[in-house]
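One structure is given below, encoded as structure tokens.
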Amino acid sequence: MRKGMLLATLFLIVAVSCAGPAKTPTPTLAPTLPPAPTPTPTPKAGPVRGGTLVVAISANPDGLDPHKTVAAVTFEVAKSLYDTLVESDPQGNIVPGLAEKWEASSDGLRWTFYLRKGVKFHNGREMTSKDVKASFERILNPETKAPRAKDYAVIQSIETPDDYTVIFQLKEPQAAFLSNLAYGWAAIVPVEEKDLRNHPVGTGPFRFVEWVPDSHVKLERFPDYFLKDQPYLDAVIFKIMPDPASKLAALRAGEVDVVDQVPPQEVGKLKDNPEIKLIQAPANGIYIMALNNAREPFNKKEVRQAISYAVDKKGVIEAAQWGQGAPIGSHMPPVTPFYVDLTDKYPYDPEKARQLLAQAGYPEGFEVTLIMPQPYDFHIRNCEVIADYLKKIGIKPKLETYEWGMWLDRVYMGRDYQATCIGHTGRLDPDPFLNRYVSDSKENYMNYNNPRYDEIIRQAAVTSDFQKRKELYAEAQRILAEDAVALYLMAPLWTVGVRKGVEGWQIYPIDIFDLRTVYKTSS
């Protein structure tokens, strides 16, 4: 995820191209005339201060405590409330955050961070190294039940020699350590605050005003933010709007300024609207149909492979996503330098799928319950189209919809399911993205168990050589594909819709909305 680990092309904005001005021939002047004066260029207007930005998001946050959440939508909000030691820029490069600089020992075991001075929490107190230490100790405390604690389990000790220096001593080298500090779940919080879920307090550019579940989250500009010229907006309102049609109607009517994700079927219609701009990027993430490898019939590899042969991925992309996406063959999006193209491993072959089902003992097929997470209609559509393909080989799907909180509780945390359509966000480093399949990972909700895979991921996590890591992660992807751990569907195209007059919006390779540089040129 540093330049050796994540290329600057990891996230490529594809919506805009700009032609340069045509050259005009220089006129021949009489020798007695002075040269023609050079026109003074019109100064480009800078960001406009003030105003309220209204952003439509798809679901309620699952709390606003950054150490206790897993939902992507939460970090779309929380990025404005909290800061991290380091940050990702839109290209996936690591840049300073609360730490203005850092250095690592030659063996990769000792990381020293030098904090900015004068950074304040929203409660008015200055942030110091003690808050950084307390934040990571809180993450690692089992009583916190932080879902991402394992990302920081490599920390052996934390030293604070003064108020502005933090030293992490690691148990072993970890290639992803620096990038892991850029995620929202590594936010620095004040040790004295006890109810961050409902009353968040951070150092972020906006401070909390109110959260009305199923309605909105309102934030206001934090006047003491450490970047003195940011943010530009006075306030931000995140409107919780699960229904895609309602979000787009509100965008067209000017009731909201931004829609977090434009459904693929609406992209073509919005392109012709002069009041709306579309910002697009290949998503650093994937859509899959996850299979519970510990539950019949998906505990048999032949059944899982049959599923992969039974579904025409390009057909799903066309029918469910209006062609906006690219097929994948394993758990990796094509935008990363670690990607291996395995899309040809399971060509669409219903007859081969039926043969494998018969070999596995299911010549007549079987019944399966496909769980669809609400309000994510793009996952629901995937499941519906997949179900039609499964029927053709004798599998009888039953579609059930779970509200998002229920999905997180029963499927992701409880592993109580057969199959589900879902997406996974890419990470700045491949290790956190792929180690969910390690047999003892708390994120291994597919219940996959392969000792060779475990060993590969362990080796890659402590390897600093970029080429060696690429080789290891290539093997890991091939193992996942061979074992057909899931039905690996596609990498989607991400589209954000914004009203004319909204400037500075950027798409990032992780699930954040960075509103510090966003401004409105008109109400």
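The values are calculated or read from the model by the stated rules, or taken from the named source; none is laboratory data. Quick caveat: nothing in here was measured; it's all calculated off a predicted structure. Glycine gets a Cβ as well: all are built from the backbone with ideal geometry, and neighbour counts include every protein chain shown.
Among the helices (runs of 4 or more DSSP H) confined to the stretch 393-510, the ones with at least 1 residues that are at pLDDT 95 or above and among the basic types (Lys, Arg) are located at 451-461, 466-482. Could you list, in sequence order, the residues of the stretch 150-176 that are under 19 Å from residue 87 (Cβ atoms) and either in contact with a Ser or Thr (Cβ under 8 Å, 6 or more places away or on another chain) or at pLDDT 95 or above (or both)? Across the stretch 150-176, the qualifying residues are 152, 164, 166, 168, 175.
Considering the stretch 272-290, and only residues there that are modelled with pLDDT of 95 or more and within 20 Å of residue 379 (Cβ to Cβ), the residue that is surrounded by the most Cβ atoms within 10 Å (Cβ to Cβ) turns out to be 287.
Criterion first (aliphatic (A, V, I, L, M), without any contact (Cβ under 8 Å) to a residue 40 or more places away in the chain, surrounded by fewer than 18 Cβ atoms within 10 Å (Cβ to Cβ) and within 26 Å of residue 332 (Cα to Cα)) does residue 413 satisfy it?
yes
Condition first: buried (at least 18 other Cβ atoms within 10 Å of the Cβ), closer than 30 Å to residue 271 by Cα and of a type in the set (Val, Ile, Thr). Can you find one or more residues in the stretch 443-464 that meet it? Checked against the condition, which is being buried (at least 18 other Cβ atoms within 10 Å of the Cβ), closer than 30 Å to residue 271 by Cα and of a type in the set (Val, Ile, Thr), the stretch 443-464 yields no hits at all. Under the condition of being of a type outside the set (Lys, Arg) and at pLDDT 95 or above, the residues counted in the stretch 249-269 number 10. Note on the stretch 184-195: among residues that are surrounded by fewer than 24 Cβ atoms within 10 Å (Cβ to Cβ) and in a loop (DSSP other than H, G, I, E, B), the one that is farthest from the chain's Cα centre (by Cα) is 192. Screening the candidates 345, 352 for the property of being in contact (Cβ under 8 Å) with a residue 12 or more places away in the chain, more than 17 Å from residue 479 (Cα to Cα) and not aliphatic (A, V, I, L, M) yields one hit, 352.
Quick test for you: out of 145, 247, 150, 239, pick the one residue that is outside the structural domain of residue 375 (by TED's automatic domain parsing), touching a residue at least 24 places away in the same chain (Cβ under 8 Å) and on the phi > 0 side of the Ramachandran plot. Of the residues listed, the single one that is outside the structural domain of residue 375 (by TED's automatic domain parsing), touching a residue at least 24 places away in the same chain (Cβ under 8 Å) and on the phi > 0 side of the Ramachandran plot is 145. Total residues in the stretch 124-179 satisfying the condition of being within 26 Å of the chain's Cα centre (by Cα), closer than 25 Å to residue 460 by Cβ and not in a strand (DSSP E or B): the figure is 19. When residue 458 is tested against (1) within 23 Å of residue 511 (Cβ to Cβ); (2) out of contact with any helix residue (DSSP H, G or I) (no Cβ under 7 Å at 6 or more places or on another chain), only condition (1) is not met.
With respect to (1) under 23 Å from the mean Cα position of the chain (by Cα); (2) surrounded by fewer than 22 Cβ atoms within 10 Å (Cβ to Cβ), the lone exception for residue 231 is condition (2).
Residue 72 - would you say it is of a type in the set (A, V, I, L, M, F, W, C) and more than 17 Å from the chain's Cα centre (by Cα)? No. Across the stretch 87-105, not a single residue is classified as under 26 Å from residue 337 (Cα atoms), part of a helix (DSSP H, G or I) and modelled with pLDDT of 95 or more. Considering the conditions (1) in contact with a Phe, Trp or Tyr (Cβ under 8 Å, 6 or more places away or on another chain); (2) under 28 Å from residue 194 (Cα atoms); (3) crowded, with 24+ Cβ neighbours inside 10 Å, residue 78 is excluded by exactly one of them, (1). If I filter the stretch 106-123 down to residues being touching a residue at least 60 places away in the same chain (Cβ under 8 Å) and not in a loop (DSSP other than H, G, I, E, B), which single residue comes out as nearest to residue 515 (Cα to Cα)? Step by step, filter the stretch 106-123, then rank; the result is 120. Can you find a residue in the stretch 218-230 that is closer than 15 Å to residue 54 by Cβ, aliphatic (A, V, I, L, M) and in contact with a Phe, Trp or Tyr (Cβ under 8 Å, 6 or more places away or on another chain)? Yes: one or more hits. The condition (being touching a strand residue (DSSP E or B) at 6+ places or on another chain (Cβ under 8 Å), assigned by TED's automatic domain parsing to the domain that holds residue 343 and among the aliphatic types (A, V, I, L, M)) is satisfied by just one residue among 486, 461: 486. Here residue 346 qualifies as surrounded by 21 or more Cβ atoms within 10 Å (Cβ to Cβ) and hydroxyl-bearing (Ser, Thr, Tyr). Among the residues making up the stretch 293-311, those that are surrounded by fewer than 20 Cβ atoms within 10 Å (Cβ to Cβ) and either touching a strand residue (DSSP E or B) at 6+ places or on another chain (Cβ under 9 Å) or touching a residue at least 60 places away in the same chain (Cβ under 8 Å) (or both) are 294, 295, 300, 301. I'd like the residue in the stretch 264-292 that is among the polar types (S, T, N, Q) and touching a strand residue (DSSP E or B) at 6+ places or on another chain (Cβ under 8 Å) and, out of all such residues, is farthest from residue 370 (Cα to Cα). Step by step, filter the stretch 264-292, then rank; the result is 280.
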